[in-house]
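Shown next, in structure tokens, is the structure this report addresses.
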Amino acid sequence: MNKERNYKLKPVQIVEASIEDAERILDLQKLAFQREADLYGDYDIAPLKQTLDEIRAEFKTHVFLNAVDAGEIVGTVRAYEKEGTCYIGRLAVVANTQNLGIGTTLMKAIEGCFKPKRFELFVGSKSEKNKHLYQKLGYSFFKKKPYGCGSAIEIFYMEKNLKS
């Protein structure tokens, strides 16, 4: 994963993940969300505490997509649909490949897997780049609340409503 590559020259491939990818997805998720935890000074967040068994169980209910370059997963996202809403979560991109369009490509691909009335996700209040990405993709804020009991982290819920 530490190999330097020129990602601007070759686009990554977006593929549906398999349960065999669960361990690599968890590793990538923990690396990506470590930066989020650093931003808030709170390391008790769900993406850092999730277990391999929990991710494997999510494969029963979620669609997982990976961004792959030269056989390595450099990004991931997952989603599921319930009662007309598609809930998107845990978008993660390897640090040295950020700001190259991988997150945008993953988001558009995961949205294309569903036909809901609306999409929903949440983002930390201090995560400026993430908020910008989601706004650029047509998401808008609709509520905010603290993340868990007693947490100093505030999260913003964002949605994208689709035209009928």
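The values are calculated or read from the model by the stated rules, or taken from the named source; none is laboratory data. These numbers come from a predicted model, not from an experiment. Because the Cβ atoms are built from the backbone with ideal geometry, glycine has one as well, and the counts that use them run over all protein chains shown. Areas reflect the complete protein model, heavy atoms only, side chains present, ligands, DNA and RNA absent. Shrake-Rupley method; radii C 1.70, N 1.55, O 1.52, S 1.80 Å.
List pairs: first in the range 39-55 and surrounded by 15 or more Cβ atoms within 10 Å (Cβ to Cβ), second acidic (Asp, Glu) and in a helix (DSSP H, G or I), Cβ under 8 Å, 6+ apart or cross-chain?
Listed pairs, sorted by first residue: 45/36; 47/36.
Write out, first by first residue and then by second, each pair whose Cβ atoms fall under 9 Å of each other, whose residues are 6+ apart or on separate chains, and whose first residue, in the range 87-115, is of a type in the set (Lys, Arg) while the second is open to solvent by 60 Å² or more (accessible area, probe 1.4 Å).
115/81; 115/162
Quick test of your reading of the structure: residue 22 fulfils all but one of (1) more than 27 Å from residue 138 (Cβ to Cβ); (2) at pLDDT below 90. Name the failing condition by number.
That leaves (2) as the condition not met.
(1) touching a helix residue (DSSP H, G or I) at 6+ places or on another chain (Cβ under 9 Å); (2) part of a loop (DSSP other than H, G, I, E, B); (3) among the charged types (D, E, K, R): which one isn't true of residue 115, the others all being true?
So the condition that residue 115 fails would be (1).
Identify, from the list 120, 111, 154, the residue that is surrounded by 12 or more Cβ atoms within 10 Å (Cβ to Cβ), at pLDDT below 95 and of a type in the set (Asp, Glu). Full working, then the answer.
Working: 120 fails: at pLDDT below 95; 111 fails: at pLDDT below 95.
The conditions single out 154.
Just to be sure I understand the filter: pairs with C-beta atoms under 6 Å, separated by 6 or more residues or on different chains, first member in the range 68-83 and without any contact (Cβ under 8 Å) to a residue 40 or more places away in the chain and over 12 Å from residue 113 (Cα atoms), second member open to solvent by 10 Å² or more (accessible area, probe 1.4 Å) and not in a strand (DSSP E or B). Which pairs pass?
none
Test each condition in (1) open to solvent by less than 20 Å² (accessible area, probe 1.4 Å); (2) under 24 Å from residue 119 (Cα atoms); (3) in contact with a Ser or Thr (Cβ under 8 Å, 6 or more places away or on another chain) for residue 32 and report the one that comes out false.
It is condition (3) that residue 32 fails.
Given (1) open to solvent by 30 Å² or more (accessible area, probe 1.4 Å); (2) touching a Ser or Thr at 6+ places or on another chain (Cβ under 7 Å); (3) closer than 24 Å to residue 20 by Cα, where does residue 74 come up short, assuming only one miss?
Unmet for residue 74, out of (1) open to solvent by 30 Å² or more (accessible area, probe 1.4 Å); (2) touching a Ser or Thr at 6+ places or on another chain (Cβ under 7 Å); (3) closer than 24 Å to residue 20 by Cα: (1).
Checking residue 124 against (1) under 25 Å from residue 68 (Cα atoms); (2) in contact with a helix residue (DSSP H, G or I) (Cβ under 9 Å, 6 or more places away or on another chain), which test does it fail?
Single failed check for residue 124: (1).
Suppose the filter is surrounded by fewer than 19 Cβ atoms within 10 Å (Cβ to Cβ) and aliphatic (A, V, I, L, M); does residue 79 pass it?
Numbers: surrounded by fewer than 19 Cβ atoms within 10 Å (Cβ to Cβ): no; aliphatic (A, V, I, L, M): yes.
Considered against the rule, which asks whether it is surrounded by fewer than 19 Cβ atoms within 10 Å (Cβ to Cβ) and aliphatic (A, V, I, L, M), residue 79 comes out as no.
Could you identify the single residue in 76, 105 that is of a type in the set (S, T, N, Q), assigned to a strand (DSSP E or B) and under 18 Å from residue 12 (Cα atoms)?
On the way: 105 fails: assigned to a strand (DSSP E or B).
From the options 76, 105, the qualifying one is 76.
Looking only at the range 28-45, count every residue that is among the aliphatic types (A, V, I, L, M) and under 13 Å from the mean Cα position of the chain (by Cα) and tell me the total. Can you show your working first?
Taking the range 28-45 as the starting set, the residues that turn out to be among the aliphatic types (A, V, I, L, M) are 28, 31-32, 37, 39, 45.
Retained after the next criterion (residues that are under 13 Å from the mean Cα position of the chain (by Cα)): 28, 31-32.
Count: 3.
Which condition number does residue 65 fail, the rest of (1) under 30 Å from residue 152 (Cα atoms); (2) in a strand (DSSP E or B) being met?
Every listed condition holds for residue 65 apart from (1).
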